[in-house]
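Worksheet: one structure, shown below.
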Amino acid sequence: MDMQNNIMVCVTKQKTCEKLIQSGVKIKEQRGGNLFVVHVAPTGWNFLGNSSEGEALDYLFEISKSVGADMTVLRSSEVVGTIIDFCRDNNISIVVLGESPGVSGHDNIIFKLRKRLQPKVEITVVPAT
């Protein structure tokens, strides 16, 4: 399968994830392709009932729209598998993630994604600072 330089930016429910979206924009400008912003919400999580989390996702949706990216919120109790499925279904070749401070080793989502996606998909980690 011929992979385009499609970029997926994984965001959480925090406004600071705008930094991740901007990193995805820079990669798109350098390499071309399409930009996708994805948030995986746990099954049963009600972000509409939480004003700060809903506000943050709305903010990230507006940022995504302003840079020409599609933002998708997916519900799943299996975050890693859902991200991998999205990569496959959308010909993603680059995944942008934020650093996970305090989470290390085999429990780290970055470790899990690298193990299952590389070398076919490039993983770019944006430092928390």
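Observations on the model:
- Among all positions in segment 71-91, there is at least one residue which is closer than 15 Å to Ile21 by Cα and polar (S, T, N, Q).
- Top-ranked residue of segment 70-94 - restricted to ones that are modelled with pLDDT under 95 and small (Gly, Ala, Ser), ranked as nearest to the chain's Cα centre (by Cα): Ser76
- Within segment 69-98, if we keep just the residues that are surrounded by 13 or more Cβ atoms within 10 Å (Cβ to Cβ) and of a type in the set (Asp, Glu), the residue that is farthest from Leu113 (Cα to Cα) turns out to be Asp70.
- Checking every residue in segment 46-68 against the condition of being closer than 21 Å to Arg114 by Cβ, surrounded by 14 or more Cβ atoms within 10 Å (Cβ to Cβ) and at pLDDT 90 or above gives zero matches.
The values are calculated or read from the model by the stated rules, or taken from the named source; none is laboratory data. Keep in mind that what you see is a predicted model, and the values were worked out from it rather than measured. Methodologically, a virtual Cβ is constructed for each residue, glycine included, from the backbone with ideal geometry; neighbour enumeration extends over all protein chains shown.
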